[in-house]
Amino acid sequence: MKENQNTEPQIEGQLENEHAADTEKENANVNEAGEAAETQEKELTKEEQLEKQLAESEQKAAEAADKYVRMAAEFDNYRRRTAKERLELISTAGEEVIKGLLPILDDCERALQVLHQSNDSAAAVEGTELIYSKLMGYLKGRGLTVIEAKDKELDTEFHEAVAQFPVEEKAKKNKIIDVVQQGYMLNGKVIRYAKVVVGM
């Protein structure tokens, strides 16, 4: 009986010790699992932060690239515009001077018409033609061109109708039958419209 009484407390003690050890193991396992979960959360948080930073960096890079492309396009447009303006300025720089010489051309043409109709010497005709051709050659070299008008249809971009004249031939109706004043263009730009008579 005494032995049974002594063994029972021993067994109970052992059971309590084993139970305490099991509890400690469980607590340790729970702690390890908790620490692992916390570590995983921290790692996820770091990854999320890195992903967020990467996304922000990509957005900033895209914005910077967009700004660069826009600035490059604006500069290219500015360069083209200034180059075009410079070319236009060069091509029309002498426009006023050439406009001032046009009445002299008109006088030369009239003088030649009169000389051809009169009985004046051939030397006078030849001299006037030489002056006219030299002046015309110089102006053509600067970009002056004559606007073709006679026997053409009226084009208000180049011609100015100053009169209408009745004609019998159908082919001449609505066509330019006479040029009162010659028209000119300078480097493709009309500087004086051709004054014309149109058949009706």
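Quick notes
- Within the stretch 132-154, residues that are loosely packed, with under 15 Cβ neighbours inside 10 Å sit with their Cβ atoms under 9 Å from residues that are of a type in the set (Asp, Glu), at 6+ positions apart or across chains, in these pairs: Lys150/Asp178.
- Exclusive hit being in a helix (DSSP H, G or I), of a type in the set (Gly, Ala, Ser) and not assigned by TED's automatic domain parsing to the domain that holds Lys189, set Ala72, Ala124: Ala72
The values are calculated or read from the model by the stated rules, or taken from the named source; none is laboratory data. In this text, all values refer to a predicted model and were calculated from it rather than measured experimentally. Glycine also receives a Cβ, built like all others from the backbone with ideal geometry; neighbour counts cover every protein chain displayed.
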